[in-house]
Amino acid sequence: MLLQDKVAIVTGAGGGLGRCHALALAAEGAKVVVNDPGVNRDGTSGAGRPADAVVEEIKKAGGQAVACYDSVADGAEKIVAKAVEAFGGVDVLVNNAGILRDKTIHNMTDEMWDSVLAVHLRGTFACTRAAARVMKEKGRGGRIVNTTSVAGLKGNFGQANYSAAKAGIYGFTLTAAMELGKDGITVNAIAPIAKTRMTSDIESVPREYRPEDVSPVVVFLASEAAKDVTGRILGVHGRHLFEYRMELTAGKEKKEAWTPAEVGEFVHAPPSAAPAAPATGGSNKIAAIIRALPGAFDAAKSAGWESTMHFAIAGAGDFTVEVKNQAVKVAEGAPAAPTCVISTDADTLAGMVEGRVKGDMAFMAGKLKATKVPDLGKFGKVFDFKKLKAAVEAGATAAAPKAAPAAEVDLPSLLSRLPAQFLPDKAAGFNGTILFKVDGQGRTLEIKDKVCFLKPPIAAPTCVLTTDAATLGGLLEGSIDGQKALADGKVKVTHLPSWLKFRQMFRFEPEKGLKRALVGRLYTAAPILLKGERMAAYNEVVGDPDSPIFPVTLIKEPFTKFFSDPDFTGDFTRMVHGEQVFVFHKPLKALDLLSVRGRVLSIEDKGSGQLLNFGTKVYCEGELRVEMESRLFFRGDAKAAAGEKAAPPARPAPDKTFDTMTFADLPKRYAAVSGDDNPIHLDEALAKSVGFKGVILHGLCTLARVAKQLPRPLHRLEVRFNKPVYPGETLRTSLWSSDGGLAFETVNGLGEVVLANGRALS
Ligand code: NAD
C-alpha cells in the first residue's frame with residue numbers, strides 16, 4: 001500500500017482519467033474525495049452525479065471515499081474543506097478537471113476563452129492554493145499532480161483557449177514546485193493521452209490508450225517514493241512514458257547590441273536554430289571528450305572527493321567517470337551504481353569544453369542537470385577545461401583519417417567539377433597544393449606543371465582553405481564573390497597568394513545540368529504528427545502490420561522544398577528514382593511528432609547523366625529515428641555508350657525464395673495512403689505516353705511489400721529500382737546470406753530483375 005492513511009482529492013473524478021486516478025489511489029490505501037459536478041464536455045450542466053458512482057466503486061472494492069460536487073472554478077475552498085471534514089486533512093491533490101470549447105481564434109468568443117481558462121488554469125491554481133494551505137498547517141508535506149497537455153506544450157490547431165490554459169498549468173507547476181518545496185510539497189504535472197469522453201471523437205487517439213494506464217504515474221507522484229521529484233512534466237501516451245523538457249539552443253552572444261537584421265540572420269540560420277537534432281558526429285566528439293578527461297584531471301584538487309558519475313548525454317549515449325583516491329577512471333556505458341547522474345545533450349557538453357557554453361548558464365537554463373549538484377560543481381573545478389579542449393583537438397587531428405563521421409556533404413563530389421574548369425595557361429609558374437577543409441572534411445587540390453588533380457588530404461599543403469559547403473558551392477559557380485567571401489570571414493586561407501592564384505586558374509561559372517551549389521543545402525519541414533489511423537491504413541495496403549517503411553507524405557515537405565528551390569534545374573521527365581537506402585534506428589509510432597530534414601548529399605556526373613543523392617533524416621523529439629538516402633538519376637543528353645552489357649555474374653542458388661503478389665488496384669490504393677499521387681501510377685494514358693505499358697507500381701510500395709518477408713528487426717535496407725513493376729505481377733525474391741546480412745534480388749514473371757542489389761541488415 002503506497003498511500004496507506006493518506007487523503008487524496010481528485011478533481012473531475014466522475015469519469016475518464018480522473019475516475020481511474022481515484023480508483024488507483026484508493027487501491028493503494030488513500031481515502032479519496034471524488035470531486036465532480038458532472039458537467040458536459042463543454043462545461044455546461046449535465047445530467048446526473050457521476051462522482052457518486054465512483055465513490056460506490058471505491059467502497060465496493062473496500063476503500064474509503066466521499067463525493068463532492070463543487071466546481072474547481074469557484075468552489076476550491078469547499079472541495080478542500082470536504083477533505084478536511086471527512087478525513088481530517090489533505091495529503092494529495094490531483095488537479096484533473098477539464099472541459100473543451102474548441103474553435104479557431106477568429107471564431108472564439110470571450111466566454112469560450114474564459115470558461116476554459118476558469119476550469120483548467122484558475123481551477124488548478126485555486127485548488128492548489130487551498131490544499132497547500134492545509135498541507136502547510138498540518139506540516140506533513142504534500143503531493144500535487146497537475147494535468148497539462150501536448151496541446152499546451154506544443155500547440156494545437158483550434159485549441160487556443162485550451163492550449164493557453166494547459167501551457168499556463170505548465171508554468172504554474174514549475175513555479176509552484178519552487179514556492180511550495182520549502183513546505184515539503186512536491187508539484188509535478190502529467191501530459192496524458194488516453195481514450196476518454198474528451199477524446200472519443202479524435203480518431204488519432206487509439207482505443208488502446210486506456211486511461212487506467214495513465215494512473216500509475218499519478219500514484220507514483222503521489223507516493224512517498226516521489227518525495228524528491230518536483231517540477232517535472234511527465235508525458236504518458238498510452239503506455240509510453242517520457243519527460244517533457246524545455247529545449248534551448250546554444251545561441252550566440254555579441255559584445256554590442258543585436259541589430260534587427262542580425263536577429264533576422266540568427267533566426268533564419270540553419271541548422272542550429274532549427275528543431276533540436278543531434279549534431280553529426282556528436283557522439284564521436286563526446287566519446288573523445290570523455291576519453292580525454294584523465295589528461296585534464298587535477299589530482300590535488302580532487303583530494304577528499306569521491307564520486308561515480310553517470311553522464312547521460314542525449315545524442316551521444318552513457319558514460320562513466322569515477323573519481324576516487326585522487327585518481328580518475330572513465331568508461332563508455334552507464335555505471336551500475338552511480339552516486340550522481342549528470343544529464344545534458346551532446347551540443348551543450350561539447351560547447352562547455354569548447355568554451356562556447358557557460359556551465360552555470362546551461363545549468364540555469366535546465367540544459368545541464370545533476371542529481372547531486374555539488375558533484376557538478378566539483379567536476380568543474382577538478383577538470384581543467386582548457387587542457388581538455390586542447391587534448392580533444394589533438395586527439396581529433398590524430399584520429400581524423402579513421403574517424404570519418406558520416407558526412408552530411410560529399411566534398412569530393414562538390415569539387416569534382418574543378419578539373420573541367422581548369423585554365424592551364426593561367427597556372428603557369430604555380431606549383432602548389434590547396435587543402436580544402438569543408439564542414440569537417442578535407443580534400444587536396446594539387447596543381448603541378450599546369451595539370452590539376454584532386455587527392456585525399458595531405459599533411460603540409462601550401463595553403464589551407466576553410467569554408468562551408470554552401471559558400472564553396474557558390475564560389476565554384478560564380479554566384480559568390482571570392483574577395484567578399486574572404487572579407488566576410490566565410491572563407492579563411494592560410495596563404496593569401498595561393499588563394500589569389502586559385503581564383504585566376506579556374507573558370508567559375510554556373511554548370512550545365514544540376515548545380516553543385518545545391519550540395520549541402522538543408523530543407524526543413526514543419527513538425528508533423530503521425531496519426532495512428534494513417535499508419536494502419538498504410539500498413540494494410542502494403543500488407544505488413546508492422547511496416548518499417550512509412551507513407552511518403554511524412555517526408556514530402558523537404559523534397560517539395562528542394563524541387564522548388566530556384567537553383568534546382570533538374571528535368572522531372574528525365575528523372576528516375578534509382579536507388580533507396582533506409583537506416584531504421586527506432587520504429588515510428590502513432591502520435592510521434594516528427595521533424596524531418598532533407599539535404600542534398602552529393603551530385604555526381606555519370607557518363608549518361610547525373611546522380612543526385614538526397615538524404616532525409618526523421619527525428620522525433622530530437623531523437624534520430626530513420627535516415628534515408630534517395631538516389632535520383634537525371635538522364636543527360638548524351639546517349640549512354642552503346643557497348644555490350646556485361647552479363648550479370650553467376651550467382652549460387654539462393655538460400656531462400658518467396659513470392660509477393662501485387663494487384664491491379666494497388667497503385668491507386670497505395671497513392672491514397674502514401675500521398676504519392678504521381679500520375680504515372682494512376683493515369684494509364686499518361687503512363688503510356690511516356691513509354692510504359694501502363695501504370696506502374698510505386699517503387700516504395702514494391703519494396704514495402706517485399707520487406708514484409710525480410711527478417712526483423714530490420715536496421716538497414718537498400719535496393720536499386722531496376723525496372724518498373726506492373727500491378728498484377730507476381731514477384732519472386734531470392735535471398736542469399738552475405739557479410740553478416742542478406743543480399744536479395746526480386747524478379748518479375750519474365751525473370752527480369754525489378755529490385756536489384758538488395759541488402760538487408762538486422
Ligand atoms: P473527461 O471529459 O472524461 O473528464 C473530465 C472530467 O472533469 C469530467 O468528469 C467533468 O465532469 C469534470 N469537470 C469539468 N469541469 C469541472 C469543474 N469545473 N469542476 C470539477 N470537475 C469538472 O476528460 P479526460 O480525458 O478524463 O480529461 C481529464 C484531464 O486530462 C483534463 O484536464 C484534460 O484536459 C486532460 N487531458 C486529457 C487528454 C486525453 O487524451 N484524454 C489529453 C491531454 C490532457
Worksheet item: Looking at (1) open to solvent by 60 Å² or more (accessible area, probe 1.4 Å); (2) modelled with pLDDT under 90, which is the only condition Gly741 fails?
Response: (1)
Practice prompt. May I ask you to list the residues in the stretch 200-223 that are within 14 Å of the ligand (Cβ to nearest atom) and surrounded by 18 or more Cβ atoms within 10 Å (Cβ to Cβ)?
Written response: Val205, Pro206, Tyr209, Pro211, Asp213, Val214, Ser215, Val217, Val218
Practice prompt. Would you confirm whether any residue within the stretch 228-235 is among the small types (Gly, Ala, Ser) and at negative phi?
Written response: yes
Worksheet item: Any residue at all in the stretch 487-495 that is in contact with a Ser or Thr (Cβ under 6 Å, 6 or more places away or on another chain), at pLDDT 90 or above and under 30 Å from Leu714 (Cα atoms)?
Response: no
Item to complete: Please note which strands (runs of 3 or more DSSP E) are completely contained in the stretch 651-762 and include at least 3 residues that are small (Gly, Ala, Ser).
Response: 730-738, 753-761
Practice prompt. Run Leu476 past the list (1) in contact (Cβ under 8 Å) with a residue 60 or more places away in the chain; (2) within 32 Å of the chain's Cα centre (by Cα) and report the number of the one that doesn't hold.
Written response: (2)
Worksheet item: Can you name the strands (runs of 3 or more DSSP E) wholly within the stretch 554-621 that have at least 1 residues being under 15 Å from the mean Cα position of the chain (by Cα), at pLDDT below 85 and under 23 Å from Pro206 (Cβ atoms)?
Response: 593-606, 609-620
Worksheet item: strands (runs of 3 or more DSSP E) wholly in the stretch 238-325 with at least 1 residues that are modelled with pLDDT of 75 or more and more than 26 Å from Lys381 (Cα to Cα) - which ones?
Response: 240-244
Discussion item. So Ile79 ticks every box in (1) free of Cβ contacts under 8 Å to residues at least 60 places away in the same chain; (2) within 15 Å of the ligand (Cβ to nearest atom); (3) open to solvent by less than 70 Å² (accessible area, probe 1.4 Å) but one. Which box is left unticked?
Written reply: (1)
Worksheet entry | Lone qualifier among Leu624, Leu666 - being surrounded by 15 or more Cβ atoms within 10 Å (Cβ to Cβ), at pLDDT 85 or above and farther than 20 Å from His577 by Cα | Leu624
Discussion item. Give me the residue from the stretch 142-166 that is more than 12 Å from the ligand (Cβ to nearest atom) and open to solvent by 10 Å² or more (accessible area, probe 1.4 Å) and, out of that set, nearest to Thr11 (Cα to Cα).
Written reply: Arg143
Worksheet item: In this structure, does Gly184 turn out to be within 13 Å of the ligand (Cβ to nearest atom) and small (Gly, Ala, Ser)?
Response: no
Worksheet item: Considering only the stretch 326-363, how many residues are part of a strand (DSSP E or B), under 20 Å from Lys381 (Cβ atoms) and over 20 Å from the mean Cα position of the chain (by Cα)?
Response: 7
Item to complete: State yes or no: is Ala13 modelled with pLDDT of 95 or more, assigned to a helix (DSSP H, G or I) and either more than 8 Å from the ligand (Cβ to nearest atom) or surrounded by 24 or more Cβ atoms within 10 Å (Cβ to Cβ) (or both)?
Response: no
Worksheet entry | All positions within the stretch 41-72 that are open to solvent by 40 Å² or more (accessible area, probe 1.4 Å), within 12 Å of the ligand (Cβ to nearest atom) and free of Cβ contacts under 8 Å to residues at least 12 places away in the same chain | Thr44, Ser45, Ala47, Gly48
Item to complete: Would you check which residues across the stretch 89-123 are more than 9 Å from the ligand (Cβ to nearest atom), surrounded by 21 or more Cβ atoms within 10 Å (Cβ to Cβ) and either more than 33 Å from the chain's Cα centre (by Cα) or in a helix (DSSP H, G or I) (or both) and list them?
Response: Val90, Asp91, Val92, Leu93, Val116, Leu121
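The values are calculated or read from the model by the stated rules, or taken from the named source; none is laboratory data. Quick caveat: nothing in here was measured; it's all calculated off a predicted structure. Cβ: placed from backbone, ideal geometry, glycine included. Neighbour counts: every protein chain shown. Areas reflect the complete protein model, heavy atoms only, side chains present, ligands, DNA and RNA absent. Shrake-Rupley method; radii C 1.70, N 1.55, O 1.52, S 1.80 Å.
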